[in-house]
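*Asks:* What follows is a single structure, and I will ask about it in a moment.
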Amino acid sequence: MSERKLSNPHIEALEPYQSARRIGGSGEVWLNANESPFPRRPQPMDVSEYHRYPDRGPGEVEAAYARYAGVTAEQVLALRGADEAIDLLVRGYCRAGQDKVLISSPTYGMYEICARIQDAGVVDVPLTEDFQLDVAAICARDDVSVVFLCHPNNPSGNALRRTDLEAIVERFAGEALVVVDEAYIEFSPAQSLVPLLAAHEHLVVVRTLSKAFGLAGVHVGFLLAGAAVMDTMLKVVAPYPLADPCAQIALRALSSDGIALMRSEVAASTAVRETFAAELAGLPAVTATLASTTNFVTAAFRAPDQAWEALLEDGIVARRLPHPRLAQSIRFSVGTQEEMERVLGVLRALSQGPH
Ligand SMILES: *Cc1c(COP(=O)(O)O)cnc(C)c1O
């Protein structure tokens with residue numbers, strides 16, 4: 001076999017995604033992947049049908065998510081995390097070597113990674129000074145197939161302005177897909193763009209159970225869209241996307257008890273976040289704390305390397321951010337109150353110590 005057949009040049013040029021778990025390291029306080037700090041309870045599992053391929057995924061789980069999200073079951077596709085939704089959208093709508101996606105950095109890394117895997121182009125229209133969309137520059141593009149909007153945005157933590165989102169949705173009607181990634185929307189549910197889905201065939205909303213629902217280890221996500229996008233997605237999705245144990249756990253999370261538990265945990269995390277962000281903002285070591293409507297807080301440091309080392313020494317693993325604009329910043333997932341106090345303790349000692 002020739003060497004060319006053993007490699008695909010545009011894949012060879014890629015770097016593997018540095019997921020929080022892959023970066024790993026040693027630590028005891030994990031605040032780097034925006035996971036829920038609340039441990040899940042043991043649950044009984046019905047294994048009697050495990051000799052068959054799963055069929056709870058397409059049916060029951062999608063119906064349950066539709067009830068929760070306020071859409072019809074036909075508008076819901078259950079997948080292996082929001083990440084699979086992002087991947088399928090790029091594969092379904094971007095021709096390799098020809099089409100482009102639009103991102104607004106700094107934002108979630110998987111949009112660009114999925115585009116590169118597909119050999120699609122990436123147009124970056126950076127966020128403005130206050131981490132909002134540059135609407136005029138985005139709307140001026142006429143060469144993109146998929147526009148990715150992260151709302152609220154990871155890693156800055158802020159919700160995007162409603163009027164901006166609506167202007168972009170209107171602008172690309174009939175021209176490009178507008179994908180709104182609502183991975184953290186449970187922390188500000190009134191901001192969701194789901195109510196716009198019915199009137200906009202080119203709008204897609206991406207959701208997950210990995211964050212507010214506290215099920216990152218189960219990795220279930222959803223793509224919400226109208227009939228045209230759904231037809232395309234059904235052509236590219238792998239058979240049986242949800243393993244049955246995952247479907248059973250997702251169904252319980254989407255029961256009325258499960259949703260009530262999620263809402264109480266969101267309220268608890270929000271209270272911890274607000275106290276943590278206020279304390280952080282008062283530290284001499286911190287130069288800026290970004291206002292967050294999520295389960296993480298990003299802050300800029302006078303001496304980020306020193307802060308990072310001190311945190312690691314205490315077993316605290318947070319997240320450094322690759323984007324040049326955030327080179328001074330560290331992102332902290334909101335853990336338990338004790339964990340956040342431990343972070344503050346390390347950072348307080350730091351700012352008082354000798355320099
Ligand atoms: C965590 C995250 C995802 C990935 O969600 P999964 O369902 O775990 O794949 C997608 N988008 C954003 C913005 C995220 O922060």
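The values are calculated or read from the model by the stated rules, or taken from the named source; none is laboratory data. Source: prediction; values computed, not measured. Virtual Cβ from ideal backbone geometry, glycine too; neighbours counted across all protein chains shown. Ligands, DNA and RNA are excluded from the accessible area calculation, which covers all protein heavy atoms including side chains. Shrake-Rupley method; radii C 1.70, N 1.55, O 1.52, S 1.80 Å.
*Asks:* Give me Rg/Rg_expected for the chain, where Rg uses Cα atoms only and Rg_expected = 2.2 N^0.38 Å with N residues. The partial results should precede the final answer.
*Replies:* On the way: Rg = 20.8 Å, N = 355, 2.2 N^0.38 = 20.5 Å.
Relative to the 2.2 N^0.38 Å estimate, the chain comes out at 1.01.
*Asks:* Compute the length gained on full extension between Glu166 and Val47: take 0.36 nm times their separation in residues and subtract their Cα-Cα distance, giving the result in nm to one decimal. Each step should come with its number before you reach the end.
*Replies:* Details: separation 119, 0.36 × 119 = 42.84 nm, distance 4.54 nm.
Taking Glu166 through Val47 to full extension adds about 38.3 nm, to one decimal.
*Asks:* Right, here's the next one. Which value, in Å² and to the nearest 10, is the accessible area of Tyr108 when all protein chains are kept and the probe is 1.4 Å?
*Replies:* 50
*Asks:* Continuing with the same structure: Could you compute the FRET efficiency for Thr72 and Ala349, with r as their C-beta to C-beta distance and R0 at 41 Å, rounded to 0.05? Working shown, then result.
*Replies:* Working: r = 54 Å, r/R0 = 1.32.
Once rounded, the FRET efficiency stands at 0.15.
*Asks:* Something else: Taking only C-alpha pairs under 8 Å that are 6+ residues apart, what is the relative contact order of the chain in percent?
*Replies:* Values: 630 pairs, mean separation 76.3, N = 355.
The normalised contact order for the chain reaches 21 percent.
*Asks:* Something else now. Using only the Cα atoms of the range 193-275, build the gyration tensor, take square roots of its eigenvalues as a ≥ b ≥ c, and label the shape rounded, prolate or oblate: rounded if a/c is under 1.5, else prolate if a/b is larger than b/c, else oblate. Intermediate results must be reported in sequence, preceding the final value.
*Replies:* On the way: a/c = 2.53, a/b = 1.44, b/c = 1.75.
Oblate.
*Asks:* Then there's this: Using a Gaussian network model on the chain with a 10 Å cutoff between Cα atoms, which of Glu74, Glu28, Glu274 fluctuates the most?
*Replies:* In the Gaussian network model the winner is Glu28.
*Asks:* Rg and Dmax of the range 211-350, using alpha carbons, in Å: what are they?
*Replies:* Expressed in Å, the Cα Rg and Dmax of the range 211-350 come to 19.2, 56.
*Asks:* Which is the longest part of the chain that has none of the trypsin sites (Lys or Arg not before Pro) sitting in a DSSP loop with at most 12 other Cβ atoms within 10 Å?
*Replies:* Working: sites that count: Arg52, Arg95.
After excluding every exposed loop site, the longest remaining stretch is 96-355.
*Asks:* In addition: For the chain, modelled as a GNM with alpha-carbon contacts under 10 angstrom, which of Gln118, Gln306, Gln191 fluctuates the most?
*Replies:* Ranking Gln118, Gln306, Gln191 by mean-square fluctuation puts Gln306 first.
*Asks:* Give the shape of the range 98-152 as rounded, prolate or oblate, defined through the alpha-carbon gyration tensor: a ≥ b ≥ c are the square roots of its eigenvalues, a/c under 1.5 means rounded, and otherwise the shape is prolate if a/b is larger than b/c and oblate if not. Display every interim value, and only then the final one.
*Replies:* Numbers: a/c = 2.55, a/b = 1.36, b/c = 1.88.
In terms of gyration-tensor shape, oblate.
*Asks:* What accessible area per residue, rounded to a whole number of Å², is obtained for the range 270-326 using a probe radius of 1.4 Å? Each step should come with its number before you reach the end.
*Replies:* Working: 2490 Å² over 57 residues.
Per-residue accessible area for the range 270-326 comes out at 44 Å².
*Asks:* By how many nm would the segment from Ile259 to Ala198 lengthen if fully extended, with 0.36 nm per residue of separation less the alpha-carbon distance?
*Replies:* On the way: separation 61, 0.36 × 61 = 21.96 nm, distance 2.37 nm.
Taking 0.36 nm per residue and subtracting the Cα distance, the gain is 19.6 nm.
*Asks:* Could you identify which residue out of Met45, Met230, Met340 has the top mean-square fluctuation in a GNM of the chain using Cα springs shorter than 10 Å?
*Replies:* Sorting by GNM fluctuation, first place goes to Met45.
*Asks:* Between Leu6 and Glu313, with labels modelled 7 Å along Cα→Cβ, what's the label distance in nm to one decimal, could you check?
*Replies:* It is 4.7 nm.
*Asks:* Turning to a different aspect of this structure: Among Leu234, Gly335, Ser256, whose Cα sits farthest toward the positive end of the charge dipole of the chain (+1 at Cβ of Lys/Arg, -1 at Cβ of Asp/Glu, about the Cα centre)?
*Replies:* Of the candidates, Gly335 comes out farthest on the positive side.
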